[in-house]
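This report refers to the structure that appears directly beneath it.
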Amino acid sequence: MSDDDLRNKSFPIGTRGKAGRGNTKGTPSSAARSLAPRAKSKVPSRAGVTSAVTKPVIRKARAAKAGADNGSTAASKPATRKATAKQKPSPKTMPPHLRAVTDEEAAAVAAAAAAKRTRTASAAPMAAGIPMDEIVVALVGAAQRILGADWEKRIAGILAGIRKRIAGDYEVDAFGFDSQITEILTAAIEPIAEKWFRLEVRGVENIPTEGGALLVANHSGTVPIDGLITGYAIKKYSGRDLRPLGADLVFSLPFVGQIARKVGATLACAEDAERLLTTGEIAGVWPEGFKGIGKPFAERYKLQRFGRGGFVSSAMRAQVPIVPVSIVGAEEIYPLVGNVPSLARLLGIPYLPITPFFPLLGPLGLIPLPSKWIIEFGEPIRTDAYPPEAADDPMLLFNVTDQVRETIQQTLYKLLVDRGNAFF
């Protein structure tokens, strides 16, 4: 071929002077491929479908299929080859970048993933949450520990009382006392008294089983919880209702005064006290008043003045016994370390307490500390040995008042020794 012929004849780029499609092997030459833009394949590659976990599964599926093909008869092999030659190339004969996962391989991958999820779910120890049956068992166990073995009966009684309240099936006496409210309150206080305060009651036999009596107790605790616990102890262990005599401030407070009337409290005046005692009720009085519950923690279990003996006068006029009551444990529930008298006067309350936890911890500071409680009912002091008119003798009233106070004080010292540490 002459030079003119070579100049007039054109050759494709990268063909090395040979006409045709590059390197004659069915694909463009490397030089041509580097010049042409790469087109995205519509068929996903095997690397995009499979992973390191599913590759062994696919290999097993392909090996099983290959074994099935090798086990066929020799007569069917030529026909199979002819049929295969007419069809599209199989994934085995496809180039790696165009090879896709077959249906059998996809099914094998899905089965392997399901098996792995099953093994993971069986191996994980209930990480999703606590089963409902375990929650029910825990609640029942807690109810038995708090309310006792007959917790179902107690809860049923409370619900029955609430249903009667809703239906209006209840009665109150002339002072506003509601026996159903007292029963519900007793059931509610029992876990606190028995489990939290670990209450121990002594001298229950000194509470009269019938007739009137005046119970005189020491007062402490910053908040008058000792009155509630004393009422619970009397109801629980003697079956009788305590009718507390409260100060005017108790009944002037909203909501508190109404609840106090419902549980049997009344004003601490001579008329109401004598009326309760003459009708055979058990009345309770705390002669220390706010000076008792508001005294500093450093003065704990040191009795304050018992007033001028008005409670002794009421007992003498009604001719009922006086039962000294000594309470140990209330002083430690809210240790009073300070007071804000100016703010207390502004709010119209006797004192504004400051404890190690209140108001520093906010509402959490209102939780009482779990001190050990002991309530002892002392031997009754008879008043029927004196005529009713002896209630007008100031010297006699002073002597009997001092006798009751000294009895309670000495009993407190004895109970403190018996109890030991307040929290253990």
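The values are calculated or read from the model by the stated rules, or taken from the named source; none is laboratory data. Remember, predicted model here, so these are calculated numbers, not experimental data. Note that we place each Cβ from the backbone using ideal geometry, even for glycine, and neighbour counts take in every protein chain shown.
Tabulated values for the structure
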| read-out | value |
| --- | --- |
| Selected residue (only one of 227, 211 is within 20 Å of residue 311 (Cα to Cα), at pLDDT 90 or above and crowded, with 21+ Cβ neighbours inside 10 Å) | 227 |
| Residue check, residue 264 under 32 Å from the mean Cα position of the chain (by Cα), farther than 30 Å from residue 420 by Cα and assigned to a loop (DSSP other than H, G, I, E, B) | yes |
| Residue 377 being of a type in the set (Phe, Trp, Tyr), modelled with pLDDT of 95 or more and either under 23 Å from residue 200 (Cα atoms) or surrounded by 16 or more Cβ atoms within 10 Å (Cβ to Cβ) (or both) | yes |
| Out of 325, 400, 404, sole residue that is in a strand (DSSP E or B) and among the hydrophobic types (A, V, I, L, M, F, W, C) | 325 |
| Some residue of the stretch 377-389 being part of a helix (DSSP H, G or I) and more than 30 Å from the chain's Cα centre (by Cα) | yes |
| Odd one out for residue 246 among (1) modelled with pLDDT of 95 or more; (2) touching a strand residue (DSSP E or B) at 6+ places or on another chain (Cβ under 9 Å) | (1) |
| Filtered residue count, the stretch 238-261, keeping only those that are part of a helix (DSSP H, G or I) and surrounded by 15 or more Cβ atoms within 10 Å (Cβ to Cβ) | 6 |
| Index of the failed condition, residue 274 passing every other in (1) charged (D, E, K, R); (2) over 38 Å from the mean Cα position of the chain (by Cα); (3) surrounded by fewer than 20 Cβ atoms within 10 Å (Cβ to Cβ) | (3) |
| Sole exception among (1) closer than 23 Å to residue 389 by Cβ; (2) out of contact with any Asp or Glu (no Cβ under 8 Å at 6 or more places or on another chain); (3) among the hydrophobic types (A, V, I, L, M, F, W, C); (4) assigned to a loop (DSSP other than H, G, I, E, B) for residue 306, by number | (2) |
| Residue match in the stretch 246-255 (condition: within 16 Å of residue 314 (Cα to Cα) and free of Cβ contacts under 8 Å to residues at least 12 places away in the same chain) | no |
| Some residue of the stretch 136-154 being surrounded by 18 or more Cβ atoms within 10 Å (Cβ to Cβ), of a type outside the set (Gly, Ala, Ser), within 27 Å of the chain's Cα centre (by Cα) and not in a helix (DSSP H, G or I) | no |
| Unique match (being over 27 Å from residue 424 (Cβ atoms) and either modelled with pLDDT under 90 or assigned to a loop (DSSP other than H, G, I, E, B) (or both)) among 334, 351 | 351 |
| Long-range neighbours under 8 Å by Cβ, at least six apart or interchain, first residue in a helix (DSSP H, G or I) within the stretch 169-186, second surrounded by 15 or more Cβ atoms within 10 Å (Cβ to Cβ) and of a type in the set (Asp, Glu) | 179/241; 182/241 |
| Unmet requirement for residue 331, which otherwise passes all of (1) in contact with a strand residue (DSSP E or B) (Cβ under 9 Å, 6 or more places away or on another chain); (2) among the charged types (D, E, K, R); (3) touching a residue at least 24 places away in the same chain (Cβ under 8 Å) | (1) |
